[in-house]
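*Asks:* Questions regarding the structure given below will be posed in turn.
The values are calculated or read from the model by the stated rules, or taken from the named source; none is laboratory data. A quick note: this is a predicted structure, and the numbers were derived from the prediction, not measured. Cβ atoms come from the backbone with ideal geometry, glycine included; neighbour counts cover every protein chain shown. Keep in mind that these areas ignore ligands, DNA and RNA; they rest on the heavy atoms of the full protein, side chains included. Shrake-Rupley method; radii C 1.70, N 1.55, O 1.52, S 1.80 Å.
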Amino acid sequence: MSSAVSRGTTPVPPARQPRLTVLSGPSGVGKSTVVAHMRKVHPEVWLSVSATTRKPRPGERHGVQYFFVDNEEFDKLVANGELLEWAEFAGNRYGTPRKAVLDRLESGEPVLLEIDLQGARQVRESMADAHLVFLAPPSWEELVRRLTGRGTEAPEVIERRLEVARVELAAEKEFDVTLVNTSVEDVSRELLAFMLRRSGDRNASS
Ligand code: 5GP
């Protein structure tokens, strides 16, 4: 279930030690926009593609944004230990395919996961040297605006996501670093710089 991409003209220098960076934060904060922007500038950065039981949104493709699987397939992935972490989020399950991530780390490449808070906690437990980045909204009002403005989800889905977001915002202190999403360009640059820092260098600033 790997979807490796390597076609950049501006190669990212290899990290001095392979590192796993986890980008998390409330739904709607703009994690996927930040990651998409970073990969546009640095397409060689490898982002794990998750498996999910959620139905594809318009424009989403199997193997690109997610591996879209049914409940039975997801059960199998869990039972076979094929997921590094997994979580239920707003009525659907999401999980990170383990092998692709470990293969990349093994080959010395920085790896990025964009996952929810429950998943971030599982990664912290199972991979102690993973570095956790919390993407925060500029304000709660801005987060509500983004969540309600997307227009792709039913009101009850949005309400559930807001509930989850309230809990997730309080988890900021569990993370190694917080990036405030005021500008997609700035945040994606900071995220890349963070990914390329040495493994032991958690608190260094860029
Ligand atoms: P969405 O349905 O909007 O694409 O994603 C919903 C939430 O699931 C987001 O917070 C996203 O970061 C999270 N998510 C996506 N993939 C994974 C995964 O593999 N594991 C976990 N734990 N969360 C994920």
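*Asks:* Anything in the stretch 69-89 that is closer than 22 Å to Val22 by Cβ, surrounded by 13 or more Cβ atoms within 10 Å (Cβ to Cβ), at pLDDT 95 or above and not β-branched (Val, Ile, Thr)? List them, or say none.
*Replies:* Scanning the stretch 69-89 gives Phe74, Leu77, Glu82, Leu83, Leu84, Glu85, Trp86, Ala87.
*Asks:* Now, a different point. Is there a residue in the stretch 39-53 that is within 9 Å of the ligand (Cβ to nearest atom) and at pLDDT below 95?
*Replies:* No, the stretch 39-53 has no match at all.
*Asks:* Another question, if that's okay. Got a number for residues in the stretch 63-90 being touching a Ser or Thr at 6+ places or on another chain (Cβ under 7 Å), free of Cβ contacts under 8 Å to residues at least 24 places away in the same chain and away from the ligand (no atom under 12 Å from the Cβ)?
*Replies:* Total satisfying the criteria: 2.
*Asks:* What are the residues in the stretch 104-124 that are more than 11 Å from the ligand (Cβ to nearest atom) and either touching a strand residue (DSSP E or B) at 6+ places or on another chain (Cβ under 7 Å) or modelled with pLDDT of 95 or more (or both), if any?
*Replies:* Those that are more than 11 Å from the ligand (Cβ to nearest atom) and either touching a strand residue (DSSP E or B) at 6+ places or on another chain (Cβ under 7 Å) or modelled with pLDDT of 95 or more (or both): Arg104, Leu105, Glu109, Pro110, Val111, Leu112, Arg124.
*Asks:* Please verify whether Arg93 is buried (at least 17 other Cβ atoms within 10 Å of the Cβ), within 9 Å of the ligand (Cβ to nearest atom) and of a type in the set (Lys, Arg), treating the condition exactly as stated.
*Replies:* yes
*Asks:* Please determine whether any residue of the stretch 52-61 is open to solvent by 30 Å² or more (accessible area, probe 1.4 Å) and either of a type in the set (Val, Ile, Thr) or in contact with a helix residue (DSSP H, G or I) (Cβ under 9 Å, 6 or more places away or on another chain) (or both).
*Replies:* So far as the stretch 52-61 goes, no, none of its residues is open to solvent by 30 Å² or more (accessible area, probe 1.4 Å) and either of a type in the set (Val, Ile, Thr) or in contact with a helix residue (DSSP H, G or I) (Cβ under 9 Å, 6 or more places away or on another chain) (or both).
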